[in-house]
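Working notes, beginning with the structure itself.
The values are calculated or read from the model by the stated rules, or taken from the named source; none is laboratory data. Just so we're clear, the structure is a prediction, and the values are computed from it rather than from any experiment. As a convention, Cβ positions derive from the backbone with ideal geometry for all residues, glycine included, and neighbour counts pool all protein chains shown. Ligands, DNA and RNA are stripped out before the accessible areas are found, and what is left, the full protein with its side chains, is counted by its heavy atoms. Shrake-Rupley method; radii C 1.70, N 1.55, O 1.52, S 1.80 Å.
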Amino acid sequence: MTDVVVHGVDAQGNYLGLVAVGTPFKEVLGPPPSGDWVWDFGNNTWIRKVSLDAMKASAAVDIDNQAGLTRAKYITDVPGQAATYLLKADQATKFKTANYQGAVPGLVQAEATARGISAQQAADTIITEQDQWVALATGVETIRRLGKENVKNATSPQAVETVRVQAINQLK
């Protein structure tokens, strides 16, 4: 007589292969797909097992992406605009340092013309906006870096997910 065998998993959901009926296991409908899978008892299906390192890498990308989305709410994110902002702030600072005397720098004049204000008001506005951006960027970068370091140092999937969610929520 032949033993009856079925596909089985252990208590952690790891595939045991074909096992004889009567041995300690949980019967499942079939083998997992190729790769590293574990049985999800709650949903009665196979789910892909992800390594802690892969989870950390994915969480780091998620944190970086949210930092980018947060920054993008406050800037114009198109090619060349970041350089323009830096040049405009540099020109405004130099113009203010010169007591608003001499030729008005081109990007300061562009801002003055666009807003219908004086070159001095434009320079001051540009500097104020730069200071606000530096404060925002510092806050975003602090949360981003802390989140990524905490993900790197996490020792369990649950810890990785907790840090990921916390950093993303702080960045929002």
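Where Lys and Arg each count +1 and Asp and Glu each count -1, what net charge lies around residue 171 among other residues with Cβ under 14 Å from its Cβ? Write down the numbers at each step before the final one.
Numbers: positive: 71, 73, 144, 145, 148, 164, 172; negative: 62, 64, 141.
Overall, the nearby charge balance is +4.
Once amide H atoms are built 1.01 Å from N in the peptide plane, which residues 5 or more positions from residue 37, or in another chain, come under 5 Å H to H?
Residues meeting the amide H criterion: 49.
Can you tell me the FRET efficiency between residue 83 and residue 61 if r is taken as the Cβ-Cβ distance and R0 is 35 Å, rounded to the nearest 0.05? Don't jump to the answer; show the numbers that get you there.
Details: r = 26 Å, r/R0 = 0.74.
Using R0 = 35 Å, I get an efficiency of 0.85.
What whole-number distance in Å separates the alpha-carbon centres of region 110-167 and region 9-24?
51 Å
Give me the net charge for the shell around residue 32: Cβ to Cβ below 15 angstrom, other residues only, Lys and Arg +1, Asp and Glu -1. Display every interim value, and only then the final one.
Details: positive: 26, 48, 49; negative: 10, 27, 36, 40.
Summing Lys/Arg as +1 and Asp/Glu as -1 gives -1.
Listed here are the pairs 94/152; 73/152; 88/172; which of them are more than 31 Å apart at the Cα?
Working: 94/152 42 Å; 73/152 27 Å; 88/172 28 Å.
Pairs exceeding the cut-off: 94/152.
Where does the charge balance sit around residue 91 when Lys and Arg score +1, Asp and Glu -1, over other residues with C-beta under 14 Å from its C-beta?
On the way: positive: 88, 94, 96; negative: 90, 111, 124, 129.
Net charge around residue 91: -1.
If you build the Cα gyration tensor of region 123-165 and take the root of 5 times each eigenvalue, what three semi-axes come out, in whole angstrom, biggest first? Kindly include the intermediate steps, with their values, before the conclusion.
Numbers: eigenvalues 235, 11, 3 Å².
Equivalent-ellipsoid dimensions as semi-axes: 34, 7, 4 Å.
Calculate the dipole size of region 72-165 relative to its Cα centre from +1 charges on Lys and Arg beta carbons and -1 charges on Asp and Glu beta carbons; express the result in debye to the nearest 20. List each step's numbers first, then the result.
On the way: 10 positive and 9 negative charges, 37 e Å.
So the magnitude is around 180 debye.
Tell me the label-point distance for the pair residue 152, residue 114, using the 7 Å Cα-to-Cβ offset, in nm and rounded to one decimal.
My value for the distance between the label points is 3.7 nm.
Report relative contact order for the chain in percent, whole number only (criteria: Cα-Cα under 8 Å, sequence separation at least 6). Present the calculation step by step, with values, prior to reporting the outcome.
On the way: 182 pairs, mean separation 33.5, N = 172.
The value is 19 percent.
Would you kindly state how much longer the chain becomes between residue 72 and residue 128 on full extension, computed as 0.36 nm times their sequence separation minus their alpha carbon distance, in nm to one decimal? Write out the running numbers ahead of the final one.
Details: separation 56, 0.36 × 56 = 20.16 nm, distance 1.85 nm.
Here the answer is 18.3 nm.
Calculate what fraction, in whole %, of the accessible area of the chain sits on carbon and sulfur atoms when a 1.4 Å probe is rolled over the protein chains. Could you put the intermediate results ahead of the total?
Details: 6070 of 10880 Å².
That fraction is 56 percent.
Order 39, 46, most accessible first, counting only protein heavy atoms with a 1.4 angstrom probe. Don't jump to the answer; show the numbers that get you there.
Details: 39 15, 46 35 Å².
Output order, biggest surface exposure first: 46, 39.
How would 95, 25 rank on accessible area, largest to smallest, probe 1.4 Å?
Numbers: 95 10, 25 60 Å².
Reading off the accessible areas and sorting them downward yields 25, 95.
For the chain, which DSSP H helices look membrane-span-like by this rule: Cα extent along the axis of 20 Å or more and mean Kyte-Doolittle of at least -1.0?
On the way: long enough: 52-72 (30 Å, 0.06); 81-97 (24 Å, -0.47); 119-153 (50 Å, -0.49); 157-171 (21 Å, 0.01).
The answer, listed by residue number, is 52-72, 81-97, 119-153, 157-171.
Placing +1 at every Lys and Arg Cβ and -1 at every Asp and Glu Cβ, with all other atoms neutral, what dipole size does region 1-130 have around its Cα centre, in debye to the nearest 20? Let's see the in-between values first.
Details: 10 positive and 13 negative charges, 123 e Å.
Dipole size: approximately 580 debye.
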